[in-house]
Structures are given as structure tokens and as C-alpha cells.
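The values are calculated or read from the model by the stated rules, or taken from the named source; none is laboratory data. These figures come from a predicted structure and were not determined experimentally. Here Cβ is always computed from backbone atoms with ideal geometry, including for glycine, and neighbour counts include all displayed protein chains.
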Amino acid sequence: MKIASEAKIDAVSFDGAGGGTGMSPVPMMDEMGIPTVYLEAIVLRCAQILRRKGRHVPDIIMAGGFINETQIFKAIAMSNFGDGPFVKGVLMGRAPLTAVMKASYYKQLAEEGRLPRAFAERFGTTPEKFFITVPELKAKYKERFKEIPWEAVALYTYLTDRIGVGLKQLLAGARKWRLDLIDRNDLVSLSELAARVTGIPLAHEVEAEVIERILD
């Protein structure tokens, strides 16, 4: 963070996934990284110190095990102390790749007539039927839709229909309509350890004074 600040770097990514190089021993790659929530707490402390000293604070991109919209929401909200979030986005690797690889596998099963019966009865026997965003993409790309690989359709579906819609639902529930508006007040800790690591209060501690004021 110090180097990035002094060099006025635009953005830095921090990865909570297992660390190590390709030639590292397996225990190092599996067990010697700093878990993502702990890592973000450390990085946010650095960001606050830099901001307090009036130094350049690079945008922060978090990575490490992000697979759903709830985790993205928490990573961004946790970084907003009132002046906008330090964390501007997340990096995702394995989850989108899994969507692509599953699409390739199920496309092959469909071509070979080997789809599981329960799956075929519920979702259909061809990719045009079991990929839910096909009508949307056909309407947008018309004749060019046939040029889009099914793997790309699956990736689009995962990022927009799962992650995108899920984030919109969470934002609606928080009554905030942009990601840069969510903050630490939109979160609670469910364990004392989480509260100690993040500084976010436990559920029964949140807005205790508001409850008192309402019932007064």
C-alpha cells in the first residue's frame, strides 16, 4: 500500500486465496494465505492511515473466494467508512470458469443425448431451452446470436442473471441503488470473532440507540 501510494498507482488487488507459486509445497498454497476478510481488514486499516495523512489512496480490488453477490456486497460495504468505499470491485476466477466449464459439459451431454432425465424434464434438452438468457440475447443480437458460443452465454448468465440480479435485490433491500452508497451500517457481525476482526458490531448492538429513541 505504501509503494502504491507513493507511486500514485490507480488500483491494487489483494487476494485472500491460498498463496504460493506453482512450485510451492501444497500446504503453503492451501493453508498459508491470509483469509480474505482478515486481509481486507488489514488493507482497510492501511487505507485509513494513508487517507488520514493526506496521501494518495489507490482503489482497492479484493479477490479470494468470491462466488456470489452477498460476498461482493459485504466486501464493498465493509470498506465504506462514510466517504465512499475504498474497495471498488472484486476479482472472480474460479466461479465464472466453473460456469463456462459446466456449460461446455452440458452442451456435450445434450448433443450426445445423455442429459440426466431429471434435468431434461425440468429445464429442456437443448441449450436454447436450458440457458435462461437465450431470449434476451436473441432479442439483442438477432442473427448474430448464433455466433455466440454457449460457454459465453453461460458466463453472461452467471454474471448478469445470478450476480447482477442478486446485487440489485440486495441493494433494493438496503434501500440504496448504487454500490458506492452501501456502507458499514448495512452490515452486522454474527460472531464475536467477526466483530473483532472487522470492527462491525454484533446484531444486538446495531442501532441500539435508535431502538431506545423509537420506544421512548
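Only residues that are closer than 19 Å to ALA75 by Cβ and basic (Lys, Arg): list them for the stretch 171-210, please.
Hits for the stretch 171-210 are LYS176, ARG178, ARG184, ARG196.
Could you grab the pairs with beta carbons closer than 7 Å, sequence gap of 6+ or different chains, first residue in the stretch 200-216 and modelled with pLDDT of 90 or more, second one of a type in the set (Ser, Thr, Tyr) and surrounded by 10 or more Cβ atoms within 10 Å (Cβ to Cβ)?
What qualifies is ILE200/SER189; PRO201/SER189; LEU202/SER189.
With the condition kept exactly as written, say whether any residue in the stretch 83-105 is among the acidic types (Asp, Glu) and assigned by TED's automatic domain parsing to the domain that holds ARG52.
yes
So which of ALA110, ALA95 is part of a helix (DSSP H, G or I), small (Gly, Ala, Ser) and modelled with pLDDT under 95?
Answer to the check: ALA95.
Just to be sure I understand the filter: pairs with C-beta atoms under 7 Å, separated by 6 or more residues or on different chains, first member in the stretch 105-116 and within 14 Å of PHE131 (Cβ to Cβ), second member of a type in the set (S, T, N, Q) and not in a helix (DSSP H, G or I). Which pairs pass?
Listed by first residue and then by second, the contacts come to ALA110/THR125; ALA110/THR126; LEU115/THR125.
Here's the yes/no breakdown for (1) in contact with an Asp or Glu (Cβ under 6 Å, 6 or more places away or on another chain); (2) under 24 Å from LYS107 (Cα atoms); (3) among the aliphatic types (A, V, I, L, M):
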site	(1), (2), (3)
PRO135	no, yes, no
ALA139	no, yes, yes
VAL165	no, no, yes
GLY173	no, no, no
LEU179	no, no, yes
ASP183	no, no, no
ASP186	no, no, no
GLY199	no, no, no
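Can you tell me which residue in the stretch 185-216 is surrounded by the fewest Cβ atoms within 10 Å (Cβ to Cβ), limited to those that are small (Gly, Ala, Ser) and in a loop (DSSP other than H, G, I, E, B)?
So, considering only residues that are small (Gly, Ala, Ser) and in a loop (DSSP other than H, G, I, E, B), the one surrounded by the fewest Cβ atoms within 10 Å (Cβ to Cβ) is SER191.
Regarding the stretch 168-184, can at least one residue be identified that is surrounded by 12 or more Cβ atoms within 10 Å (Cβ to Cβ), of a type outside the set (A, V, I, L, M) and in contact with a strand residue (DSSP E or B) (Cβ under 9 Å, 6 or more places away or on another chain)?
yes
Among all residue pairs at least 6 apart or on different chains, which show Cβ distances below 8 Å where the first residue, located in the stretch 70-83, is surrounded by 21 or more Cβ atoms within 10 Å (Cβ to Cβ) and the second is basic (Lys, Arg)?
Cβ pairs passing all conditions: ILE76/LYS88; ALA77/ARG184; MET78/ARG184; ASN80/ARG184.
Collect the residues in the stretch 46-66 that are closer than 11 Å to SER79 by Cα and surrounded by 18 or more Cβ atoms within 10 Å (Cβ to Cβ), keeping them in residue-number order.
Residues satisfying the conditions are ALA47, ILE60, MET62.
For the stretch 175-203, name all the residues that are hydrophobic (A, V, I, L, M, F, W, C) and more than 17 Å from GLY89 (Cα to Cα).
Once the filter is applied, which keeps residues that are hydrophobic (A, V, I, L, M, F, W, C) and more than 17 Å from GLY89 (Cα to Cα), the stretch 175-203 yields LEU187, VAL188, LEU190, LEU193, ALA194, ALA195, VAL197, ILE200, LEU202, ALA203.
With PHE81, PHE123, PHE119, PHE86 as the choices, which residue is in contact with a Leu (Cβ under 7 Å, 6 or more places away or on another chain) and aromatic (Phe, Trp, Tyr)?
Among PHE81, PHE123, PHE119, PHE86, only PHE86 is in contact with a Leu (Cβ under 7 Å, 6 or more places away or on another chain) and aromatic (Phe, Trp, Tyr).
Are any of the residues in the stretch 26-44 in contact with a Leu (Cβ under 6 Å, 6 or more places away or on another chain), under 25 Å from ILE182 (Cβ atoms) and buried (at least 17 other Cβ atoms within 10 Å of the Cβ)?
Of the stretch 26-44, the ones in contact with a Leu (Cβ under 6 Å, 6 or more places away or on another chain) are none.
There is no residue in the stretch 26-44 that is in contact with a Leu (Cβ under 6 Å, 6 or more places away or on another chain), under 25 Å from ILE182 (Cβ atoms) and buried (at least 17 other Cβ atoms within 10 Å of the Cβ).
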